[in-house]
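Undergrad: Quick one: the structure is below, questions incoming.
The values are calculated or read from the model by the stated rules, or taken from the named source; none is laboratory data. On a predicted model such as this, the values are computed, not experimentally measured, just so you know. Note that each Cβ is placed from the backbone with ideal geometry, even for glycine, and that neighbours are counted across all protein chains shown. Heavy atoms of the whole protein, side chains included, go into the accessibility calculation; ligands, DNA and RNA do not. Shrake-Rupley method; radii C 1.70, N 1.55, O 1.52, S 1.80 Å.
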Amino acid sequence: MGSCLLTGSRWELRDLDIWHGIGEVKIDLSRANIPDNKSTIIINGWIGDVDIFVPYDLDVSIIARVGVGEIKIFGNKESGVNQSTAVETNGYRKEIKRVEIVINLFVGDIDVNYL
């Protein structure tokens with residue numbers, strides 16, 4: 001049980017691989033110093049909520065899967081059993097500074113919002 005919170009002071013984004021059994025993950029990418037290359041964030045969990053805040057000027061690719069729960073990415077919502085979705089911002093493939101986000105939850109809610 002526990003939480004992973006990257007929402008406070010400035011922090012350096014390096015590739016992240018987060019695994020949690022029960023708890024929440026909150027990541028505020030507007031607080032991150034993002035390097036000039038592709039960064040990858042992988043989040044896997046059994047039960048909990050994942051909230052990611054993305055600045056408007058950051059290009060991202062998001063793949064989200066949930067066994068039972070809800071996925072809401074930039075206002076688009078899917079809920080139920082065995083949901084998955086993939087979203088990529090328009091400039092993702094051509095930008096040098098970009099973030100790939102992969103989220104897998106067994107039970108819970110995934111929210112990715114612009115900040």
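Undergrad: Can you give me the accessible area per residue for the stretch 1-63, using a 1.4 Å probe, in Å²?
TA: 53 Å²
Undergrad: With contacts defined as alpha carbon pairs under 8 Å and 6 or more residues apart, what's the relative contact order of the chain in percent?
TA: 31 percent
Undergrad: Using only alpha carbon pairs under 8 Å that are at least six residues apart, calculate the relative contact order of the stretch 7-74 and give it in whole percent.
TA: Values: 80 pairs, mean separation 23.5, N = 68.
Worked out over the stretch 7-74, it gives 35 percent.
Undergrad: Next question. Which lysines have a Cα less than 25 Å from the Cα of K38, not counting those fewer than 8 places away in the same chain?
TA: Candidates past the 8-residue exclusion: K26, K72, K94, K97.
Undergrad: Right, next: If you compute Cα Rg over 2.2 N^0.38 Å for the structure shown, which of (1) 1.19; (2) 2.00; (3) 0.99 do you land on?
TA: The listed entry that was calculated here is (3).
Undergrad: Then there is this: DSSP loop (so not H, G, I, E, B), at most 16 other Cβ within 10 Å: list which trypsin sites (Lys or Arg not before Pro) in the stretch 68-115 pass both filters.
TA: Taking the stretch 68-115 and a limit of 16 other Cβ atoms within 10 Å, the loop trypsin sites (Lys or Arg not before Pro) found are R93, K94, K97.
Undergrad: Right, something else. What residue among L105, L16, L29 has the largest mean-square fluctuation in a Gaussian network model of the chain, using Cα springs under 10 Å?
TA: Answer for the Gaussian network model of the chain: L16.
Undergrad: If you roll a 1.4 angstrom probe over the protein chains with everything in place, what fraction of the accessible area of the stretch 34-115 belongs to carbon and sulfur, to the nearest %?
TA: C and S fraction of accessible area: 48 percent.
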